[in-house]
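Let me begin by handing over the structure; questions about it come next.
The values are calculated or read from the model by the stated rules, or taken from the named source; none is laboratory data. What you see is a predicted model; the values in this text were computed from it and never measured. Positions of Cβ are backbone-derived with ideal geometry, glycine not excepted, and every protein chain shown enters the neighbour counts. For accessibility, only protein heavy atoms count, side chains too; no ligands or nucleic acids. Shrake-Rupley method; radii C 1.70, N 1.55, O 1.52, S 1.80 Å.
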Amino acid sequence: MPVLSVIVPFYNVEKYIGPCLDSLAAQKFQDLEMICVDDGSTDGGAAVVEARMAADPRISLIRQANQGVGRARNIGVRRATGRYLAFVDGDDKVPPRAFQRLVASLEATGSDLACGNVMRLHRNLLVPSWAHKQAFAESRKRTHITRHPLLIRDRMLWNKVYRLDFWNALGLAFPERMYEDQPVAMAAHVGASSVDVIKGIVYHWRQRDEECSSITQRRLEPANLRDRLLSVLETAALLTTGAPALKPDFDRDTLEIDMSVAVEAMAMMGAAADPGLVDLVVRYLDGVAPEAWQSIPFAQRLQVHLLHGRRLDELARVFEQDRAGRLLPRVSPPGLLRKRWYGRHPAMPRQLSEVSAELKLSARLVELEWRDGRLGGTGRVSIGRFDVSDLRRTSVQVWLQERRTGEIVTLSDQRVSPSWVSVEQEEGGAVAEHGFSFAFAFDPATLTRAQLVRLGHWDLRVRLRGPRLKLEAKVVGSRWLPPLVPAPKRRAGVWLVPVRGGGGAWGLRLRRAEALIGECRVDGDDLVFSGELSDPGDGDPVLRLVRRSDGEEMYFPVTLAGQNFRARVSLVDIDEVVGREARWDFVIDQGREIRPLVRTRARPIVTVAERRFLVDRGDDGCLMLAER
């Protein structure tokens, strides 16, 4: 008998089931059986499994008519013969040491289940799963969800190994519908005597490219939404009776995620929405405590409130306003005896209107350029998505602050009044913004010799001040929107480099340069750049492109003539973007790594072979290529 039984339900994943089973066969923990359950696939997935069976006797295949993954999992569990139980979806993969880690932990601690961290798999790129990142930031042995409440987000089955006798004693079984895993995973967490939490990655959760390829991608379909709401209600009931202290944490997550899906679906259906679906939403929201409502932003809170009141026509109008960026409720400042701020909307009751926690400053640049030796700019600040007409006697201060020392160079301090502007969006179109404009100028002569020698990184920051209001923020902006990053200037042998760094934060880098790029342009399908090395060295240099997300590297030749270098990069040969955006840093490798500083003005966005590239400076002022 095997130690571990792995249940693999699959339906029309011919493209992925082979790699999935290969990842299981490659496990360092070999004493396992793989029970594959074909849920009525109409593609060649079953044939792929049969081919693997011929080579690996640990694989078995069960066929059933298409009755859903819940039924498939239940059938697989009934066939399990191991001491431990695990689940893997047929389109996902498992890293080689996953089951070894999980089973070894249970053997050592005697816990009822062990769970581990997760990465999202998109094509060949792995990125952290946001749902698991916090809960699995560190390992914890013999803990419990009531002592580690972040596990409330660990509502999936497949990053875990369970003791089979624990599973059976608890009487766990899957409802035969979609979203069947949430109530079962939560019941296991609550019912366990203890749980092992493992920081290491134990599962690769695939994000598929095909349209409508997963339950999540079909989330707005009525049948999909009904099953989702049933699982929410079942989990809420479980927590109410079995772990009431966790119910507020669950409600905060559910209001943010599941109710946002319900709002979108119901807003699109409008008055034609199935009353039965509305009833399910109302049943859940009737049990949500008032304090949990405050955990979601005002705009989302308003829409959930309208759905709770069955005001579907009004919900449809408000949803469309919000999606178009036109839902800007007026924010009311506190009075002399009050410290709370409120948003105003005729449909929102006072007890749900507080927005104090949402008053966060956002700041962006509109213009930035060198004028007569000074770096001058204009920008805007706003406070969330609100109308700030009632704010009086406000001022905006702008300064540069050195990260290492905290030293400040003040750039401006001015009284401001709110105004409306139209703001271009990355995805196209524009939205209204109510906020305050500011301007500033930086004179490099204000930097002391000590500040120049330190070669520091200075952040551009702003502060909005008014009665009972003091908000600060870094100035940030998207690389894909204006303004362009100005060229660097030199002072006393030090380059002053305007930069837009990680997260779009604007600032100033002081640095020296071993390589300077004086020409940078797109020639047909190629990025061509040239410049000068301060020390050409003895070896032949090579250009190395390094992808920030995963360290993937590509290499291109560099032509060197004395101190002058030239390189040509075929943009169509760059590995295609995976996910939303890819960023590549440029390194001239000559036995040592040299990052070339870009002296030319940043180039605009270019399209090559239907691919969208941006040639820009990174957060150190050196050449960077982005693709979205």
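So, Gly384, is that one in contact (Cβ under 8 Å) with a residue 24 or more places away in the chain and surrounded by fewer than 16 Cβ atoms within 10 Å (Cβ to Cβ) or not?
So Gly384 does not fit the description; no.
Still on this structure: So Arg147 clears everything in (1) closer than 24 Å to Glu256 by Cα; (2) part of a loop (DSSP other than H, G, I, E, B); (3) in contact (Cβ under 8 Å) with a residue 40 or more places away in the chain except one condition, right? Which one?
(3)
If you don't mind, another one. Please enumerate the residues belonging to segment 488-513 that are surrounded by fewer than 18 Cβ atoms within 10 Å (Cβ to Cβ) and either over 20 Å from Ala582 (Cβ atoms) or of a type in the set (Lys, Arg) (or both).
Correct list: Lys489, Arg490, Arg491, Ala492, Gly493, Arg512.
OK, next. Against the condition of a type in the set (S, T, N, Q), open to solvent by 10 Å² or more (accessible area, probe 1.4 Å), touching a strand residue (DSSP E or B) at 6+ places or on another chain (Cβ under 8 Å) and at pLDDT 95 or above, how does Ser422 come out, does it pass?
Answer is no for this residue.
I'd like the full set of residues that are open to solvent by 20 Å² or more (accessible area, probe 1.4 Å) and in contact (Cβ under 8 Å) with a residue 40 or more places away in the chain, limited to segment 167-177.
Residues satisfying the conditions are Ala173, Pro175, Glu176, Arg177.
Further question: For Glu180, indicate whether it is of a type outside the set (A, V, I, L, M, F, W, C), open to solvent by 20 Å² or more (accessible area, probe 1.4 Å) and modelled with pLDDT under 95.
Spelling it out, it is not the case that Glu180 is of a type outside the set (A, V, I, L, M, F, W, C), open to solvent by 20 Å² or more (accessible area, probe 1.4 Å) and modelled with pLDDT under 95.
Working only within segment 254-301, note down all residues that are under 23 Å from the mean Cα position of the chain (by Cα), part of a loop (DSSP other than H, G, I, E, B) and more than 19 Å from Ala236 (Cα to Cα).
Pro297 - this is the single residue of segment 254-301 that is under 23 Å from the mean Cα position of the chain (by Cα), part of a loop (DSSP other than H, G, I, E, B) and more than 19 Å from Ala236 (Cα to Cα).
For the subset of segment 580-619 comprising residues that are farther than 18 Å from Val497 by Cβ and small (Gly, Ala, Ser), which member is surrounded by the fewest Cβ atoms within 10 Å (Cβ to Cβ)?
Ala609
Evaluate the following for Leu239: is it part of a helix (DSSP H, G or I) and out of contact with any Phe, Trp or Tyr (no Cβ under 8 Å at 6 or more places or on another chain)?
Against the criterion (part of a helix (DSSP H, G or I) and out of contact with any Phe, Trp or Tyr (no Cβ under 8 Å at 6 or more places or on another chain)), Leu239 does not qualify.
This table checks each residue for (1) modelled with pLDDT under 90; (2) loosely packed, with under 14 Cβ neighbours inside 10 Å.
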{"site": "Ser534", "(1), (2)": "yes, yes"}
{"site": "Asp540", "(1), (2)": "yes, yes"}
{"site": "Thr559", "(1), (2)": "no, yes"}
{"site": "Gly562", "(1), (2)": "yes, yes"}
{"site": "Ala567", "(1), (2)": "no, no"}
{"site": "Leu571", "(1), (2)": "no, no"}
{"site": "Val578", "(1), (2)": "yes, no"}
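Which of the residues that make up segment 588-612 are closer than 13 Å to Leu533 by Cβ and touching a Cys at 6+ places or on another chain (Cβ under 9 Å)?
Result: Arg595, Pro596, Leu597.
Has segment 322-329 got at least one residue that is open to solvent by less than 40 Å² (accessible area, probe 1.4 Å) and at pLDDT 95 or above?
no
Could you list, in sequence order, the residues of segment 570-628 that are touching a Phe, Trp or Tyr at 6+ places or on another chain (Cβ under 9 Å), closer than 24 Å to Gly477 by Cα and among the aliphatic types (A, V, I, L, M)?
Result: Leu597, Val598, Ile605, Val606, Leu614, Val615, Leu623, Met624, Leu625, Ala626.
Conditions tested, residue by residue: (1) surrounded by fewer than 19 Cβ atoms within 10 Å (Cβ to Cβ); (2) outside any helix (DSSP H, G or I).
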site	(1), (2)
Val127	yes, yes
Ala131	yes, no
Glu138	yes, yes
Trp158	no, yes
Asp165	yes, no
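Can you work out which of the residues in segment 447-478 that are farther than 20 Å from Val381 by Cβ and assigned to a loop (DSSP other than H, G, I, E, B) is farthest from the chain's Cα centre (by Cα)?
Top of the filtered list is Thr448.
Could I ask something else about it? Name the pairs whose Cβ atoms lie under 9 Å apart, with the first residue in segment 388-417 and in contact (Cβ under 8 Å) with a residue 12 or more places away in the chain, the second part of a loop (DSSP other than H, G, I, E, B) and β-branched (Val, Ile, Thr), and 6 or more positions between them or separate chains?
From residues that are in contact (Cβ under 8 Å) with a residue 12 or more places away in the chain, the pairs are Thr394/Val388.
Inside segment 513-587, counting only strands (runs of 3 or more DSSP E) that do not spill past its ends, which hold 3 or more residues that are free of Cβ contacts under 8 Å to residues at least 60 places away in the same chain and more than 15 Å from Glu627 (Cβ to Cβ)?
526-533, 542-547, 553-561, 564-570
Further, regarding this structure: Listed residues Ala357, Ala289; which is at pLDDT below 95, among the hydrophobic types (A, V, I, L, M, F, W, C) and open to solvent by 60 Å² or more (accessible area, probe 1.4 Å)?
Of Ala357, Ala289, the one residue that is at pLDDT below 95, among the hydrophobic types (A, V, I, L, M, F, W, C) and open to solvent by 60 Å² or more (accessible area, probe 1.4 Å) is Ala357.
Another question about this same structure. I'd like to check something: does segment 339-346 contain any residue that is open to solvent by less than 60 Å² (accessible area, probe 1.4 Å), touching a Pro at 6+ places or on another chain (Cβ under 7 Å), among the hydrophobic types (A, V, I, L, M, F, W, C) and modelled with pLDDT of 90 or more?
For segment 339-346, residues open to solvent by less than 60 Å² (accessible area, probe 1.4 Å), touching a Pro at 6+ places or on another chain (Cβ under 7 Å), among the hydrophobic types (A, V, I, L, M, F, W, C) and modelled with pLDDT of 90 or more: present.
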